[in-house]
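This report concerns only the one structure given below.
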Amino acid sequence: MAFRLKLVPDETRIDFFRWQFLTFGISTILMVASVMVVFLNGLNFGIDFRGGTTIRTESVQPVDVGAYRQTLEPLNLGDVAITEVFDPTFGPEQNVAQVRISAQDGAEAVTPETIAAVESALQQVDPSITFPSVESVGPKVSGELVQTAIYAVLASLVAISIYIWLRFEWQFAMGAIVSLVHDVLITMGVFALFQIRFDLTTIAALLTIVGYSINDTVVVFDRLRENLIKYKTRALRDLMNLSVNETLSRTVMTSGTTLVALIALLVLGGDVIRGFVFAITFGILIGTYSSIYVAKNVVLWLGVRRDWGKPDPKDPKTRRNVSPFEGAEEV
């Protein structure tokens, strides 16, 4: 006898629009509050956006990121990122790492004295360590990275809205874009509120959130379009509830299994990837919420067409485009 794990019953009758004004009102308040927090607190930009210095190390001994970080803590350098570099061209005695140090407030770059102190501290951990290169990122380059990151997020939102518009209708595109802006703004607000490090990996996480959220939204939109064809006289609100309930099991299973892996990374992954994993974890939660309670509310208020698959009686050629749901029994 096969055993099937069911987190959600096969048939549910949850009224997701019972508190539609309350849920959408809370979402609106959170979006406004997020914008205010970002402007008042500011984001805790990492080295990529603040500028700083990257020191490349090379040693015959294996790289111990924990030991490197521990020996640099007494120097009070602020934001320090240490990563091991892997390359198939490296030999067995060529162990390479990168130590990135953010520029201090009011300084153009890390001073030579600070770089010398870092090198001296690392040589105490590993006397064989060498420093093949030292590179600095100035404020101009970091500013360009900020602009490029903003353009990347905006471009993804525009491209997704155009795709939804072409595949469905403009009302669906408006619902999707409001939902995605909701997810990005609230995630950035949380980063600003708790001053979590915001760097290029966080931008990658935001783009991942956008893709994940729109995937869930499109699944429900597609089911809604099928139900609009199948049940031509049922109220739009009832069809939306039906569509969300029919896809609820898929939504819970997809989000749940993804969160299991993300929570494990969040707890055991260490400080280096914690910001990235936290952004995706929070984004999946808020994205699942917005797919149900934000995107659908916008579509419900704007209204949608109800004649998909309906042939033009004056043009017999259009009869080949009749939906397979045409003439189905009303429920």
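The values are calculated or read from the model by the stated rules, or taken from the named source; none is laboratory data. This structure is a prediction, so every number in the text was calculated from the model and none was measured. FYI the Cβ positions are ideal-geometry reconstructions off the backbone, even for glycines, and counts take in every protein chain you see. Surface areas here come from the heavy atoms of the whole protein model, side chains and all, with no ligands, DNA or RNA. Shrake-Rupley method; radii C 1.70, N 1.55, O 1.52, S 1.80 Å.
For the reader, a short list of remarks on this structure follows.
- Each of residue 181 and residue 135 was given a label point 7 Å from its Cα along the Cα-to-Cβ line. The distance between the two points is 3.7 nm.
- Summing +1 for each Lys or Arg and -1 for each Asp or Glu among the other residues whose beta-carbon sits under 12 angstrom from that of residue 47 gives -1.
- The residues 36, 188, sorted by heavy-atom accessible surface at 1.4 Å with ligands and nucleic acids left out, run 36, 188 from largest to smallest.
- Our analysis of segment 52-137 gives Rg over Rh at 0.96, with the two radii drawn from alpha carbon positions and Rh computed by the Kirkwood formula.
- With a cut-off of 15 Å between beta carbons, the residues surrounding residue 209 carry a summed charge of -2, where Lys and Arg count +1 and Asp and Glu -1.
- Put 181, 80 in order of accessible area, highest first, and with a 1.4 Å probe you get 181, 80.
- Electrostatic tally near residue 98: other residues with Cβ closer than 9 Å to its Cβ, Lys and Arg +1, Asp and Glu -1, net +1.
- These residues, 194, 168, 45, 39, go from largest to smallest accessible area, 1.4 Å probe, as 39, 194, 45, 168.
- In Å², nearest 10: area of residue 19 left accessible to a 1.4 Å probe: 150 Å²
- Remark: the residue 22-residue 69 segment gains 12.2 nm on full extension, using 0.36 nm per residue and subtracting the alpha carbon distance.
- Accessible surface of segment 12-63, 1.4 Å probe, proportion on carbon and sulfur as whole %: 67 percent
- Summed over the residues of segment 52-137 and divided among them, the accessible surface reaches 55 Å² per residue at a probe radius of 1.4 Å.
- Of all accessible heavy-atom area on segment 179-262, the percent that carbon and sulfur account for (1.4 Å): 66 percent
- Cβ-Cβ FRET estimate between residue 222 and residue 265, R0 fixed at 35 Å, reported to 0.05: 0.70
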